[in-house]
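The values are calculated or read from the model by the stated rules, or taken from the named source; none is laboratory data. Source: prediction; values computed, not measured. Virtual Cβ from ideal backbone geometry, glycine too; neighbours counted across all protein chains shown. These accessible areas exclude ligands, DNA and RNA; they are computed on the full protein's heavy atoms, side chains included. Shrake-Rupley method; radii C 1.70, N 1.55, O 1.52, S 1.80 Å.
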Amino acid sequence: MLDFVQQLVSGIALGCVYGLIALGFVLIYKATEVVNFAQGDLMMLGGFFAFTFIGILGLNYWIGFLGAVIAMAAFGMLAERLVVRPILGYPQFTIVMATIGLGFFLRSVAGMIWGTDDLKIDTPFSQGVLRLGGLVLAHDKLSVIAATLLLCLLLYLFFNKTTLGTAMRASSENMLAAYYMGIPVKRVVSIVWAISAAVATAAGVLLAPITFIHSNVGLVLGLKAFPAAVLGGFGSIPGALVGGVLIGVIESMAGFYLPQGWKDVAPYIVLLSVLLLKPEGIFGLHVRKKV
Amino acid sequence: MSYFRAENLSLHFGGLKAVDSVNFALEKGEILSIIGPNGAGKSSIFNLISRLYNPTSGRLFFEDQEITQEPPYSIAKLGIARTFQNIELFENASVLNNLLVGRHRHCTSSLWQEILYMPSVRRDEKIHRHKVEQVIEFLDLEPYRDRVISGLPYGVRKVVELARALCTEPKLILLDEPSSGLNVEETTDMSFWIRDMQSELGITVLMVEHDMSLVSRVSDRVIALNYGKVLAMGQPAEVQSHPDVVAAYLGA
Amino acid sequence: MKFLFKTDYEDDIRLFPHSGYLWTYGTLLILIAAAPHFLSSYLVSQLVFVSIYAIVGVALLILTGFTGQASLGHAAFLAIGAYTTAYLQQFGVPFPVYFLTAGLLTGIIGAIVGFPALRLHGIYLVIATISFALIVEEILARWESVTHGNEGLRVKTIQMLGTTVPRDSPGFYYLCMGVLIFVILGAINLLRSPTGRAFVAIRDSETAAKSMGINVSLYKVKSFAISAAITGLAGCLFAHKLSFISPEMFTLQLSIEFIMVILIGGAFSLHGAVLGAIFIVMVDPFLTFLKDDIPGAIANLSLLLGAGAERAAAIEKSSAAFASANGLKGAIYGFLIMAFILFEPLGLYGRWLKIKLFFQLFPLYKRATFKRQKIYVKSERNR
């Protein structure tokens with residue numbers, strides 16, 4: 001039983017990480033109906049930025065964290081400006097391919113700059129553990145869970161309560177109509193990319209003690225975040241969190257109770273079954289084209 | 001028995017009754033128009049007949065055969081073709097290829113024959129092409145034969161869509177607002193074509209239309225619809241002057 | 001400009017619309033036949049890879065370009081073809097039999113994948129195919145009784161008609177080219193017949209396709225099956241060319257390379273598959289060239305420009321370090337994908353058409369001819 005709870009908690013922590021990346025997918029998807037395949041790589045890059053600020057320049061953890069978030073927000077805007085904006089409005093798959101290219105590029109360049117070794121950031125959460133009866137909960141995992149919940153809440157409020165959030169939803173529905181209604185669509189998209197890069201950075205830095213930072217971390221975790229986002233219905237912020245946690249728990253349970261090999265494929269098997277049974281995801285809406 | 005029949009046809013979206021126990025019948029060779037204000041359920045009826053929607057209740061019959069459970073693609077195989085309100089053409093293909101797709105229900109070649117392009121495929125292709133050329137001539141589309149749809153003006157697209165429906169050699173054709181977006185001249189052409197379709201090709205026509213002049217020019221009978229219910233049915237002039245219909249249009 | 005005066009329906013369906021085509025393709029055929037005699041064995045071997053990538057490119061064009069069903073899982077189909085080859089070989093099955101079996105089996109698996117894909121659109125389909133590929137990769141690594149897991153499998157040389165066809169012999173080159181030509185001809189035939197038109201119809205409007213009597217589900221499954229089968233054939237050749245296969249060869253990166261083939265070549269025409277394949281395969285020799293020759297050349301250049309010998313050596317060293325950096329290939333790939341989407345969305349074949357038109361219309365060519373109209377996103381959610 002204790003094993004089970006232990007697995008559950010580490011599954012939830014892992015799931016929160018997936019949830020954080022999935023959150024980035026969802027943000028961009030909500031605003032532009034594009035899935036950013038480079039999301040994981042933005043996270044990776046955020047981790048490297050933080051490493052540069054904290055590990056190399058020797059800044060305080062929190063200052064370095066903030067610096068990385070700001071730097072990556074700017075980078076997200078830049079990437080949007082250079083890669084996405086010129087093809088805004090093209091078919092989905094075209095833009096998806098462009099972001100795949102972007103991810104490829106970032107991954108390789110990061111590998112060339114920071115090398116291919118695993119890097120580590122010292123964080124205030126690195127060592128401590130919380131003991132609850134027989135349970136041993138590492139602070140780094142708890143910090144991920146707490147931060148994810150906080151970010152999800154903030155973004156949920158942002159999307160549903162602020163004007164900017166409404167503008168984002170409007171421009172995803174019909175860009176031209178949104179533009180005519182006075183929404184500066186380009187700026188909206190740009191802001192969304194900044195926010196999503198910032199969220200990715202937060203994920204990358206929080207993750208650093210758990211998975212370390214290396215150039216492929218984004219690809220590995222990014223691929224796991226897809227099932228999370230799909231499970232949650234791709235357009236839903238709470239959905240991304242729930243989907244992420246589900247995938248995390250499924251993965252850690254599969255790793256513990258099933259034979260070797262299942263751990264890695266279990267999320268995808270779940271994903272395919274969900275797509276088969278309920279293609280719109282758990283929280284998704286199904287709308288039919290009108291003719 | 002009538003040629004085409006809808007019995008107690010209903011379509012509900014949650015609480016909204018888009019189509020509510022509609023009954024009507026078509027005789028072979030007639031032109032029947034459905035009129036009604038926006039949101040009256042006209043296009044929903046078309047989508048029910050072409051089986052894109054599943055009816056909540058009710059049954060559909062065509063040539064004494066029940067078609068309520070048929071999949072969408074076999075509706076065309078039975079000889080019912082349709083056009084769409086907001087033009088659904090194959091944007092990145094030429095007019096010719098669009099029309100050849102209309103011939104699909106007459107294609108019989110198997111995959112292997114096609115991969116090897118056997119003489120039978122070649123022969124069939126020429127037959128299809130010949131039929132398509134007849135339709136092109138009927139609707140005066142010669143200048144646009146090799147043009148890609150995405151570069152064509154709206155009026156021409158509307159005609160291409162009609163042509164594509166005719167290429168299936170339908171027995172019954174459903175026209176969803178054939179004159180919407182057309183200018184007066186094009187609308188006049190359209191009314192002649194609809195008449196010719198009936199008299200020369202012997203096709204039964206069911207159409208949804210807002211333009212009352214077109215409706216009264218071509219229709220044999222008219223059905224007026226509001227809130228998914230039939231208000232009146234009969235001769236064009238009769239229906240137009242029916243008090244309920246006048247009330248529905250004037251909003252009284 | 002050449003104007004064709006058409007007098008027969010035959011004019012529109014013939015393979016070579018006019019004699020110019022015969023000359024062009026005839027010359028090309030002769031060049032292909034003669035290549036092993038005047039090219040170095042390294043280049044011939046690259047051409048074999050070109051043909052394999054082009055076969056997969058044709059397969060992807062049928063599925064993605066013409067039916068509109070995106071797939072990032074074609075590496076898995078290639079793997080299934082390759083492993084079928086390696087597995088059947090162990091039992092002494094002759095080449096033609098296992099070659100066709102590889103295609104058939106992969107086609108069947110493609111059809112099975114096609115069924116779940118019926119309900120999926122756009123981005124969901126992309127993710128589903130990625131998942132499929134990842135699951136296949138894991139199965140290959142774990143199903144040790146058949147695949148030998150991560151140790152991989154050896155692939156023996158082809159035995160056919162009593163002779164052996166080594167993987168770097170001209171015979172193998174001719175075999176690959178022959179398969180490519182056959183696949184291209186088959187694809188052309190398919191695309192100019194009712195099935196091909198049904199594919200395009202499904203791509204452009206599923207609703208209209210349905211109402212024209214096209215069984216959309218059936219044709220989507222057909223498209224998946226055909227595409228997978230062709231990829232399976234390529235997998236058989238791929239296995240022979242490499243002579244050793246293991247699961248880590250068939251990764252997501254390979255699937256992305258395949259998409260790049262049609263993206264770079266031009267996703268609207270079969271020419272694109274071949275041009276794209278040439279381009280992608282030639283990235284490798286280009287990198288080798290970059291590693292071997294460029295640093296020295298840069299150093300010589302800087303010497304000429306008056307830099308000291310010490311400085312020139314430093315420049316040579318740093319440029320060599322850059323050229324041989326681990327990620328360079330990935331960076332180039334990533335850059336190519338973005339650059340083609342942004343600046344040459346019609347791909348190499350589109351560029352060729354533009355150049356051709358430029359000379360045909362000279363001096364009246366307008367850039368705007370190929371300019372895409374500004375388009376705005378309408379939600380793709382509702383379909």
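With respect to (1) out of contact with any strand residue (DSSP E or B) (no Cβ under 7 Å at 6 or more places or on another chain); (2) buried (at least 18 other Cβ atoms within 10 Å of the Cβ); (3) at negative phi, the lone exception for C:T24 is condition (2).
Here's the yes/no breakdown for (1) free of Cβ contacts under 8 Å to residues at least 24 places away in the same chain; (2) assigned to a loop (DSSP other than H, G, I, E, B); (3) on the phi > 0 side of the Ramachandran plot; (4) open to solvent by less than 20 Å² (accessible area, probe 1.4 Å):
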{"residue": "B:N8", "(1), (2), (3), (4)": "no, no, yes, no"}
{"residue": "B:K17", "(1), (2), (3), (4)": "no, no, no, no"}
{"residue": "B:G29", "(1), (2), (3), (4)": "no, yes, yes, no"}
{"residue": "B:L32", "(1), (2), (3), (4)": "no, no, no, yes"}
{"residue": "B:L52", "(1), (2), (3), (4)": "yes, yes, no, no"}
{"residue": "B:P55", "(1), (2), (3), (4)": "no, yes, no, no"}
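Considering only the stretch B:231-244, state which residues are out of contact with any Leu (no Cβ under 7 Å at 6 or more places or on another chain) and buried (at least 19 other Cβ atoms within 10 Å of the Cβ). B:A232, B:V239 - these are the residues of the stretch B:231-244 that are out of contact with any Leu (no Cβ under 7 Å at 6 or more places or on another chain) and buried (at least 19 other Cβ atoms within 10 Å of the Cβ). Flag: B:P143 matches the condition of being out of contact with any Leu (no Cβ under 6 Å at 6 or more places or on another chain) and open to solvent by 60 Å² or more (accessible area, probe 1.4 Å). Looking for something surrounded by 15 or more Cβ atoms within 10 Å (Cβ to Cβ) and basic (K, R) - is there at least one such residue anywhere in the stretch C:310-328? No, every residue in the stretch C:310-328 fails to be surrounded by 15 or more Cβ atoms within 10 Å (Cβ to Cβ) and basic (K, R).
Per-residue answers, yes or no, for (1) open to solvent by less than 10 Å² (accessible area, probe 1.4 Å); (2) touching a Lys or Arg at 6+ places or on another chain (Cβ under 7 Å):
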position	(1), (2)
A:I12	no, no
A:K30	no, yes
A:V35	yes, no
A:G40	yes, no
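If you check B:N97 against the conditions, is it at pLDDT 90 or above and either open to solvent by 10 Å² or more (accessible area, probe 1.4 Å) or more than 14 Å from C:S211 (Cβ to Cβ) (or both)? When the stated conditions are applied, B:N97 passes them.
Does C:V126 satisfy the criteria of being open to solvent by 10 Å² or more (accessible area, probe 1.4 Å), within 14 Å of chain A (Cβ to nearest Cβ) and farther than 20 Å from C:M160 by Cα? If you could, list the steps in order and put the result at the bottom.
Working: open to solvent by 10 Å² or more (accessible area, probe 1.4 Å): no; within 14 Å of chain A (Cβ to nearest Cβ): yes; farther than 20 Å from C:M160 by Cα: yes.
Criteria not met by C:V126.
Residues that are without any contact (Cβ under 8 Å) to a residue 40 or more places away in the chain and either open to solvent by 50 Å² or more (accessible area, probe 1.4 Å) or within 30 Å of C:D204 (Cα to Cα) (or both) within the stretch C:149-173 comprise C:L161, C:G162, C:T163, C:T164, C:P166, listed in sequence order. Considering C:T84, C:T101, C:T64, the condition of being open to solvent by 10 Å² or more (accessible area, probe 1.4 Å) and free of Cβ contacts under 8 Å to residues at least 60 places away in the same chain is satisfied by C:T101 alone. Pairs linking a residue in the stretch B:213-226 that is surrounded by 22 or more Cβ atoms within 10 Å (Cβ to Cβ) to a residue that is of a type in the set (D, E), with Cβ atoms under 9 Å and 6 or more positions apart or on different chains, are B:V215/B:E209; B:V218/B:E209; B:S219/B:E30; B:S219/B:E209; B:V222/B:E238; B:A224/B:D244.
Evaluate the stretch B:112-129: report whether one residue or more is open to solvent by less than 60 Å² (accessible area, probe 1.4 Å), under 28 Å from B:Y3 (Cβ atoms) and within 11 Å of chain C (Cβ to nearest Cβ). Yes, the stretch B:112-129 contains at least one residue that is open to solvent by less than 60 Å² (accessible area, probe 1.4 Å), under 28 Å from B:Y3 (Cβ atoms) and within 11 Å of chain C (Cβ to nearest Cβ).
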